[in-house]
1. Select from the range B:44-78 the residues that are free of Cβ contacts under 8 Å to residues at least 24 places away in the same chain and within 17 Å of B:Ser92 (Cβ to Cβ) and list them in ascending order.
2. So which residues in the range B:25-40 are in contact with a His (Cβ under 9 Å, 6 or more places away or on another chain), away from chain A (no Cβ under 12 Å) and modelled with pLDDT of 95 or more?
3. Yes or no: B:Ile116 more than 25 Å from B:Leu322 (Cα to Cα) and surrounded by 18 or more Cβ atoms within 10 Å (Cβ to Cβ)?
4. From the residues in the range A:103-120 that are more than 9 Å from chain B (Cβ to nearest Cβ) and free of Cβ contacts under 8 Å to residues at least 60 places away in the same chain, which one is nearest to B:Glu119 (Cα to Cα)?
5. Name the residue, out of B:Val126, B:Val84, that is more than 14 Å from chain A (Cβ to nearest Cβ), crowded, with 21+ Cβ neighbours inside 10 Å and modelled with pLDDT under 95.
6. (1) surrounded by fewer than 21 Cβ atoms within 10 Å (Cβ to Cβ); (2) more than 27 Å from the chain's Cα centre (by Cα): which one isn't true of B:Asp68, the others all being true?
7. Going residue by residue through the range B:155-164, is there one that turns out to be under 22 Å from B:Leu6 (Cα atoms) and buried (at least 23 other Cβ atoms within 10 Å of the Cβ)?
Amino acid sequence: MVCDVCKTNQTTVFLTQIVEGKMQKVNLCESCSKEKGVTDPLSFALVDLLPGLGAEQEVEKGAPVQRCPSCGFTQADFKKTGRLGCPVCYDTFAEGLSGLLKAMHRKTAHVGKIPARLKRTIELGVRMKQLKRDLDKAVSDENYETAAQLRDQLRELEQTP
Amino acid sequence: MKISSLFSSSGEWARNDGPHHQIVISSRVRLARNLRGHPFPGWAKKNDRLQILELIKPQVEALPEMDDALSSYLQELTALEKQVLVERHLISREHAAKGAGSAVVVNKKQTLSIMINEEDHLRMQVLRPGLQLRNAFKALDKVDTALETKLDYAFHPQLGYLTACPTNVGTGMRASAMVHLPGLVLSDQINQVIQAINKIGLAVRGLYGEGTEAMGNLFQISNQITLGEPEEDIISQLNNIIEKIIENEGNARQNLLQKKPGTLLDNIGRAFGILSHAYAITSKEALNLLSFLKLGVDLGFFPPERQAEIDDFFVITQPAHLQSNASQPKLSPEERDALRAEIIRERLKVFPNPNTSKVVIPKPPTEETHHE
């Protein structure tokens, strides 16, 4: 398992923290855990460690503050409240959230209820994605007959209103 | 419907006649939903919140389930009324702290409650007596399906329903059961059970949810994960675990009856004695003692028809319920404790003494342990 922060070194510190009654898990290597001061559990919060959501990290890198284009929410706000600003925040902070969501829920894709009015569009999207993957594979395998069939299917789907 | 008429009767969910009602007090399912294109309530400016509220409230009121419902802006409710709603589990403690820009709609039977602009734009919940998680989910799903045709929900193709807190994203669903586990507590097995429940990703909490203490041997067990599992699977898993806990609690009670009848009788007898004769009692002490009285009914020490009365005690002895039934305007905590004791004392006067004739207390072992 590699470190969640540097993504290169082997994990040696497995950290579990309860924040507002929710369990969060982070895996760190020796050097990143020291750098983040993980040895002192009172001095840091997990959200600081997760890339994209840690306000401190952004400051360290000198990167511009990431701000949600829809509601003006920043990572620092998330750090303060543990809540997001608006639905668009999930795309704005997608990179940082994916690790957090995985730690919270173990999985990262919704498989439950879909509002009826979106159901067709979403299912169509999933089907088209799969067809495109199959098409790319057929082409790289030089399986042109299959590729032609898949291309026709895709076109048909694209034309459905 | 006026709040006074809502308060005059206890909720149908509190009648405690559902399946497995001796151990499972109530089942609850809640869904979190938000509107697309609007900031979440915690980040929204007051004007945004008022706008969102006016979009949602008429649609909620128009639901057939909400015929003759209580529908109220939070600023219209007094602190006491809000607290009564909290004690009936119809609004959260967080929602009770809200003012203008938030609202609550509760159906006549007090089984469906919808909070507007709590942490999310919509927090809807169905409460049912006993173990009825599947029924509760079905009823709530129907309400949700009706609302989604009128309201434009924030839904992400990959992440599902989007919520202010990432811990709720996906299904936005939290299902929970309130269980009464005196047997597991008395036999010191409760911590083991809680650890096992936690291990499989479920949460165990106290009477009023997150961050509250377990009182009266009452525990709330709920799912934690909301992303990556379909609603039906989450409900099934929780249901299976609750059934296991019912079995464990039943076994623990039987075991106590056989192996430690003295301890059991002592606890129930003392509870009855203190509750019958106390002149001041805190809500925590009352809950803890009432728990043993309830256990006494379950085990046949009191006639079964007394159960409804005891269940009623759990609600009416809570601070806000006491105050709202009191003639005096603002009771001090000491006055509340006295009034609580008085109400319980009066009602227990007509109670028969615990009938323990069916319980055989084994004589202390003599032959095996006796050595010359």
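The values are calculated or read from the model by the stated rules, or taken from the named source; none is laboratory data. Worth saying up front: this structure is predicted, and the values here are computed from it rather than measured. A quick note on method: Cβ atoms are made from the backbone with ideal geometry, for glycine too, and the neighbour counts reach across all protein chains shown.
1. Passing the criteria: none in range.
2. Taking the range B:25-40 and keeping what is in contact with a His (Cβ under 9 Å, 6 or more places away or on another chain), we get B:25-26, B:28, B:32-35, B:38, B:40.
Now drop any that are not away from chain A (no Cβ under 12 Å), which leaves B:25-26, B:28.
Matches in the range B:25-40: B:Arg28 only.
3. Yes, satisfied.
4. Going through the range A:103-120, the residues more than 9 Å from chain B (Cβ to nearest Cβ) turn out to be A:103, A:119-120.
Filter once more, keeping what is free of Cβ contacts under 8 Å to residues at least 60 places away in the same chain: A:119-120.
Working: A:Lys119: 26, A:Arg120: 30 Å.
Filtering first and then ranking leaves A:Lys119.
5. Values: B:Val126 fails: modelled with pLDDT under 95.
Going through B:Val126, B:Val84 in turn, the sole match is B:Val84.
6. Unmet for B:Asp68, out of (1) surrounded by fewer than 21 Cβ atoms within 10 Å (Cβ to Cβ); (2) more than 27 Å from the chain's Cα centre (by Cα): (2).
7. no
To keep it simple, each residue is scored yes or no on (1) of a type in the set (Lys, Arg); (2) over 21 Å from B:Leu289 (Cβ atoms); (3) at pLDDT 85 or above; (4) under 29 Å from the mean Cα position of the chain (by Cα).
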residue	(1), (2), (3), (4)
B:Ile316	no, no, yes, yes
B:Ser324	no, yes, yes, yes
B:Lys330	yes, yes, yes, yes
B:Arg345	yes, no, yes, yes
B:Pro352	no, no, yes, yes
B:Lys358	yes, yes, no, no
B:Pro365	no, yes, no, no
B:His370	no, yes, no, no
